[in-house]
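Novice: First, the structure itself, so that you have it in front of you.
The numbers here are math on the coordinates, done by the rules we state, and not lab data. Every value quoted in this text rests on a predicted model; they were computed, and no experiment measured them. Methodologically, a virtual Cβ is constructed for each residue, glycine included, from the backbone with ideal geometry; neighbour enumeration extends over all protein chains shown.
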Amino acid sequence: MRKNIVAGNWKMNKTFDEADELVSQIIELLETKELGENTRMILCPPFPYLEMCTDYSNESYFSVGAQNVNDNEKGAYTGEVSAPMLASMEVEYCIVGHSERRAYYGETDAIVARKVDQLLKNDIRPIVCCGEVLEEREAGKQFDVVKRQITDGLFHLDAEAFGQVVIAYEPVWAIGTGKTATPQQAQEIHAFIRGLIAEKYGKEVADNTSILYGGSCKPSNAKELFANPDVDGGLIGGASLQAEDFVNIALAF
């Protein structure tokens, strides 16, 4: 049975003390509230805070994910972080191909594929992002864009390896804009993605793949979004920086 996942992408926010306080607040809230048995919470802080978060995660309140990884195992890549480094810190998940990485740092589907390979080689589960920008949505190209990103970034994997992947659909036009895809729009794309997976790997693999929504999800709309049969949670940006909002999104299941 696929997991319901709520992953918080902190992006480039919080000082160390602020990050420590946020994690403490999340744990304090979780001590008084009970997540659904099939719901998993993941914190994806900036690199300098990973060890602090993994220390807390030993209490089993949440898993820890990184926001990025280099597509090489090691070498002269100043400022970069490798999958073996993340694995040595007990990081369980890593975001790959986020729209901001694609837009600001030229991350291509080929790079995404190499990063996924590095993560899986080190037993880290990739959270692979896909999604269209506003111009592509308005031109009716959203399905073509998502299909290309999924096919070129992931479909080189065999079924066993693909079974470790989490997918996050990001309507890029809804990130940080206050706009949100309607529940119907989200379900339409999520069902399309699950259909692509079923065509490639079969229904069982598709049914066991968690597909998250990543576009301005907040406590006020989480329950309606998560009620869709193919929406298995959220990759949360701004709302993950507020402990109460983030926990309430996870409680929407």
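Novice: Report the equivalent ellipsoid semi-axes for segment 94-231 in whole Å, largest first, defined as the square roots of five times the eigenvalues of the gyration tensor built from alpha carbon atoms.
Specialist: Result for segment 94-231: semi-axes of 22, 18, 14 Å.
Novice: Now for a different question. How big is the charge dipole of the chain about its Cα centre, in debye rounded to the nearest 20, if each Lys and Arg gets +1 on its Cβ and each Asp and Glu gets -1 on its Cβ?
Specialist: Dipole of the chain, to the nearest 20 debye: 620 debye.
Novice: For n ≥ 4 DSSP H runs only, could you compute -39500 (n - 2.57) per run for the chain, divide by its residues and tell me the 222 nm figure to the nearest 500?
Specialist: Helix contribution divided over all residues of the chain: -12500 deg cm²/dmol.
Novice: When the distances between all Cα atoms of the chain are binned every 5 Å from zero, what whole-number percent does each bin get?
Specialist: Bin by bin from 0 Å, the calculated values are 1, 6, 15, 19, 21, 18, 13, 6, 2, 0.
Novice: Using r as the Cβ-Cβ distance of residue 160 and residue 227, and R0 as 30 Å, what FRET efficiency do you calculate, to the nearest 0.05? Mind showing how you got there, number by number?
Specialist: Numbers: r = 31 Å, r/R0 = 1.04.
Efficiency computed from Cβ-Cβ geometry: 0.45.
Novice: So, in Å, what gap is there between the alpha-carbon centers of segment 117-167 and segment 48-77?
Specialist: 21
Novice: Sticking with this structure for a sec: Report, ordered by chain and residue number, the lysines lying within cross-link reach of residue 147, taken as a straight Cα distance under 16 Å and ignoring same-chain residues fewer than 8 apart.
Specialist: 200
Novice: Using mean Cβ contacts within 10 Å as the protection proxy, how do 15-23, 213-221, 143-151 order, highest first?
Specialist: Put in order of decreasing packing, that is 213-221, 143-151, 15-23.
Novice: I need to check one value: relative contact order of the chain, counting alpha carbon pairs closer than 8 Å and at least 6 residues apart, in percent.
Specialist: 23
Novice: Name the long-range amide H neighbours of residue 94: under 5 Å, sequence gap of 5 or more, or other chain; modelled H, no Pro or chain starts.
Specialist: 66, 125, 127
Novice: Among 186-197, 89-100, how do they line up by average Cβ neighbours within 10 Å per residue, starting with the highest?
Specialist: 89-100, 186-197
Novice: Mind giving me the nanometre distance, one decimal, between the label points for residue 117 and residue 2, set 7 Å out from Cα along Cα→Cβ?
Specialist: 2.6
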